[in-house]
Amino acid sequence: MSVLRRISSRRVLQSANRSLNTLPEPSPPLSHGIHVLYCPDSVGIVATISECIASKGGNILEADVFVPQNKNVFYSRSEFVFDPIKWPRAQMDKDILKLSKKYNAIRSVVRVPSIDPKYKIAVLASKQDHCLVDLLLAWQDGKLPIDISSVISNHDRLPNSHVMRLLERHEIPYHYLSTCKEDKREDEILQLVQDTDFLVLARYMQVLSKSFLNKYAKDIINIHHGLLPSFKGGNPCRQAFYAGVKLIGATSHFVTEELDCGPIIEQMVERVSHKDNLLSFVQKSENLEKQCLLKALKSYCELRVLPYEDNRTVVF
């Protein structure tokens, strides 16, 4: 009986081994891609995008399209998965470029977050820490696909402060550039940020000049208390508090030559009342600013933000 059991066990093992040998090879991991297109409207754009991705074995997971009424423009954002062996990154760029030329694209960008370099940014801040700290913590936790090359401030910070300890831990350079009305130190700032992809103003209380904007010539994202265009300039919380507003807000927008008038990326609101004092009012406002700035940065990095008309945005 024991002999029979041993033979049966051997046959079972042999059979199992044969079955294992015939199992299909596991599929290679798929990569995630994003493509955005802004071009003159035309028949067949969606079909062409789908065919471009499908012909390389890719699969669209999500697609958004916006065609404004009475305007000859087309916007789309597509998220897809693909096999990077079957569709190498360099070939993807060539295929997307061909598609872009076909439709005379104003803007066409493809991004593969797991392969492409992270966005390199610099953060400008003044005395207030809340937006800067929240941004650093979000970056530390991997919530934003960015690399922070430096933090630049017109206010000095004590060596043992929370911000400085956080920066030192992650070896992020901190540059203190004292400014005055006659000298905003813009040439020095330009030297520090010349190799960045975009800038973030985390409550930087200095107005960047037209010259600076032209020389930098890349996107700059700002956070402002209030629902623009209300309460521009300095002390916006105090302005809003003494105006007796019932809704407070925060607006993240692109920086342009005109103060606090750039295209809006994100806005958030919260109700306040006569029961709020100035302290609770400011605390609620700062919390909105932090959330609004991070959401705007996340949207920007995920290619959700596109220009629309002269001073507006499409945010998918």
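The values are calculated or read from the model by the stated rules, or taken from the named source; none is laboratory data. Here the structure is a predicted model, which is why all the values come from computation and not from measurement. Please note: Cβ atoms are built from the backbone with ideal geometry, for glycine as well, and neighbour counts cover all protein chains shown. Side chains included, ligands, DNA and RNA excluded: accessible areas come from the protein's heavy atoms. Shrake-Rupley method; radii C 1.70, N 1.55, O 1.52, S 1.80 Å.
Side notes on the structure shown:
- Residues in the range 144-162 that are hydroxyl-bearing (S, T, Y) and either within 11 Å of S126 (Cβ to Cβ) or surrounded by 13 or more Cβ atoms within 10 Å (Cβ to Cβ) (or both): S149, S150, S153.
- Conditions (1) touching a Pro at 6+ places or on another chain (Cβ under 9 Å); (2) touching a residue at least 40 places away in the same chain (Cβ under 8 Å); (3) more than 30 Å from H32 (Cα to Cα); number of the one not met by V282: (1)
- Any hit, the range 166-176, residues being of a type outside the set (F, W, Y), within 26 Å of A250 (Cα to Cα) and open to solvent by 20 Å² or more (accessible area, probe 1.4 Å): no
- Strands (runs of 3 or more DSSP E) wholly inside the range 171-244 that include at least 2 residues being closer than 25 Å to V305 by Cβ and in contact (Cβ under 8 Å) with a residue 24 or more places away in the chain: 198-201, 220-225
- S273 vs. criteria small (G, A, S), without any contact (Cβ under 8 Å) to a residue 60 or more places away in the chain and either part of a loop (DSSP other than H, G, I, E, B) or open to solvent by 20 Å² or more (accessible area, probe 1.4 Å) (or both): yes
- Which numbered condition H162 fails, given (1) under 26 Å from the mean Cα position of the chain (by Cα); (2) at pLDDT 95 or above: (2)
- Selection count, the range 301-316, where residues are out of contact with any strand residue (DSSP E or B) (no Cβ under 9 Å at 6 or more places or on another chain) and farther than 21 Å from E258 by Cβ: 0
- Flag for K275 being at pLDDT below 90 and farther than 23 Å from D183 by Cα: no
- The condition (being among the acidic types (D, E) and either under 20 Å from E286 (Cα atoms) or surrounded by 15 or more Cβ atoms within 10 Å (Cβ to Cβ) (or both)) is satisfied by just one residue among E258, E182, E186: E186.
- In the set E289, E258, only one residue is over 19 Å from Y119 (Cβ atoms) and out of contact with any His (no Cβ under 9 Å at 6 or more places or on another chain); that residue is E258.
- For the range 289-316, residues that are assigned to a helix (DSSP H, G or I) and open to solvent by less than 10 Å² (accessible area, probe 1.4 Å) total 6.
- Within the option set S153, S126, S78, S114, being in contact with a helix residue (DSSP H, G or I) (Cβ under 8 Å, 6 or more places away or on another chain) and touching a residue at least 24 places away in the same chain (Cβ under 8 Å) holds for one residue only, S78.
- Residue within the range 256-270 that is part of a helix (DSSP H, G or I), modelled with pLDDT of 95 or more and within 24 Å of S108 (Cβ to Cβ) present: no
- Count - residues of the range 225-251 that are touching a Cys at 6+ places or on another chain (Cβ under 9 Å) and either at pLDDT below 90 or open to solvent by 70 Å² or more (accessible area, probe 1.4 Å) (or both): 8
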